[in-house]
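One structure is given here, and the rest of the page talks about it.
The values are calculated or read from the model by the stated rules, or taken from the named source; none is laboratory data. None of the values given here were measured: they were computed from a predicted structure. We place every Cβ from the backbone using ideal geometry, glycine too, and count neighbours over all the protein chains shown. In case anyone asks, the SASA skips ligands and DNA or RNA and just uses the protein heavy atoms, side chains included. Shrake-Rupley method; radii C 1.70, N 1.55, O 1.52, S 1.80 Å.
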Amino acid sequence: FVSIHGNSGGTKAYGTETFTQGLHVTGANLHVAKRENAAILLESDYLNRYDGFNPNDPTAHIIFELFQSAYRSQSLQLAQMIEQRFVQRAKRHSRGVKQAGFLVLYRTTMPAVLVETGFLTHAQEEAFMRSEEGQEQLALSIAEAIKQYHQRHEP
């Protein structure tokens, strides 16, 4: 499972990063996960739609961890391959592989990653991501990493 995003932050923040589901051992990771997951609060009847999940409840993030433990190592491998391809093929700066509790990765029963292709708040990265060549390089990087992952894990 691959979820592709454009990141936001300060105007000086730049680079790609790929997230897997994981424990939120730092306040910063928990803050990022809460910010990303807060969008569900805008949906009507979100407690029923997401089985009582409240992104503001720290105990809900522990439940995330239980669903993801079976595929953590595979997800980390895929994430590393994606970041390597971003550097090698697309010549992007990698901010690395990270773990967070994003709702989009919740309850996946397969290797799963959330890919941030760059910062839309950084002028040069935004221009690259908007360009046809930039989009092609980013897409090919992700596709090549998925193919590489598949070749390693399928008989």
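For every residue, the table says whether it meets (1) closer than 30 Å to G134 by Cα; (2) modelled with pLDDT under 85; (3) open to solvent by 80 Å² or more (accessible area, probe 1.4 Å).
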| residue | (1), (2), (3) |
| --- | --- |
| G6 | yes, no, no |
| A28 | yes, yes, no |
| E36 | yes, yes, no |
| Y46 | no, yes, no |
| A60 | no, yes, no |
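As an exercise: evaluate Y71 against (1) under 13 Å from the mean Cα position of the chain (by Cα); (2) at pLDDT 80 or above and give the number of the one condition it does not meet.
With (1) under 13 Å from the mean Cα position of the chain (by Cα); (2) at pLDDT 80 or above applied to Y71, the lone miss is (1).
I'd like to check something: does segment 90-99 contain any residue that is modelled with pLDDT under 95 and of a type in the set (A, V, I, L, M)?
Within segment 90-99, none of the residues are modelled with pLDDT under 95 and of a type in the set (A, V, I, L, M).
Kindly provide the set of residues from segment 100-140 that are under 18 Å from S8 (Cβ atoms) and at pLDDT below 95, ordered by number.
Listed by number, the residues that qualify are A100, F102, L103, V104.
Just to be sure, is K91 basic (K, R) and on the phi < 0 side of the Ramachandran plot?
Taking the combined requirement at face value, the residue does not satisfy it.
Among the residues of segment 79-118, what is the count of those that are open to solvent by 10 Å² or more (accessible area, probe 1.4 Å), touching a strand residue (DSSP E or B) at 6+ places or on another chain (Cβ under 8 Å) and of a type in the set (A, V, I, L, M, F, W, C)?
Qualifying residue count, segment 79-118: 3.
Are any residues in segment 104-142 farther than 23 Å from R72 by Cβ and among the aliphatic types (A, V, I, L, M), and if so, which ones?
Result: L120, A123, A127, M129, L138, A139, L140.
Could you please find all residues in segment 1-20 being part of a strand (DSSP E or B) and among the aliphatic types (A, V, I, L, M)?
V2, I4
Looking at segment 99-155, which of its residues are touching a Gly at 6+ places or on another chain (Cβ under 7 Å) and part of a helix (DSSP H, G or I)?
Within segment 99-155, E125, F128, M129 qualify.
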